[in-house]
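Have a look at the structure below before the remarks.
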Amino acid sequence: MTVAVACAAEADTRAVGRRLASLLRAGDVVLLSGELGAGKTVFASGVAEGLGVETPVVSPSFVLVRRYEGLMTLVHADLYRVGSSGEIEDLDLASDAADGVLVVEWGDVSEQSFGEDHLMVRITQDDEGVRTVALEPHGSWRSRPLGEVAP
Ligand SMILES: Nc1ncnc2c1ncn2[C@@H]1O[C@H](COP(=O)(O)OP(=O)(O)OP(=O)(O)O)[C@@H](O)[C@H]1O
Ligand SMILES: [Mg+2]
């Protein structure tokens, strides 16, 4: 079942990412969806914190993919500038992150390229800028205790 968390401040979105990290296993795929400035990179940096990554996470917009070492490897990608599903499949991000966790900004544009087993995180915002972070489980994620990610 989808779990939705209201996040009034950047720190709240970061904290959801941090708590999610405790549910992550090697080989996991987390796809992030949301408009420009929604908070996808903030969420990814929370995941990094939760994985014990000490290097600050920066947007991978220009390099497409960055790799961080923590308790597990974090591969953080941004598909905003990648044109087609074919190009995304050629990047083969999943093999890049086989020994760790793959977090993909704009992952919704090519959800089918990542296989059934993934967590979709949809970040939306209301007129006051309050974000809702909705965690939508697919595949093996359906049997994980996603409720633990809510505060
Ligand atoms: N509740 C909130 N959650 C997350 N970010 C917030 C929140 N409120 C305000 N912000 C601000 O919104 C911005 C989110 O930026 P971020 O780079 O994470 O977005 P993004 O979705 O990765 O954008 P892009 O599509 O450009 O990669 C930050 O400047 C952050 O401070
Ligand atoms: Mg970003």
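Values quoted throughout were computed directly from the atomic coordinates according to the rules given, and no laboratory measurement underlies them. Note that the coordinates shown come from a computational prediction; the quantities given were computed from them, not determined experimentally. Counting neighbours? That spans all protein chains shown, and the Cβs are built from the backbone with ideal geometry, glycine included.
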Theoretical gain in end-to-end length, residue 80 to residue 22 [0.36 nm per residue, Cα-Cα removed] = 18.1 nm
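Where a ≥ b ≥ c are the square roots of the eigenvalues of the C-alpha gyration tensor, would you call the chain rounded, which needs a/c under 1.5, or, failing that, prolate if a/b is larger than b/c, or oblate? Walk me through the numbers on the way to the answer.
Values: a/c = 1.30, a/b = 1.22, b/c = 1.07.
Verdict is rounded for the chain.
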request  = Work out how much length residue 1 to residue 35 would gain on full extension: take 0.36 nm times their residue separation and subtract the Cα-Cα distance, in nm to one decimal.
outcome  = 9.9 nm
task = With label points built 7 Å along Cα→Cβ from the Cα atoms of residue 11 and residue 132, find their separation and express it in nm.
result = 2.5
request  = Name the long-range amide H neighbours of residue 28: under 5 Å, sequence gap of 5 or more, or other chain; modelled H, no Pro or chain starts.
outcome  = 102
remark   = quick note, the chain, DSSP beta bridge pairs, % antiparallel (nearest 5) is 55
Hz values of 3J(HN,Hα) by residue in the stretch 72-83 - Karplus curve (6.51, -1.76, 1.60), Gly and Pro given as x = 10, 6, 10, 9, 10, 10, 9, 9, 3, 9, 8, x
ask   = Expressed as a rounded percentage, what relative contact order does the chain have, with Cα pairs under 8 Å and six or more residues apart?
value = 35
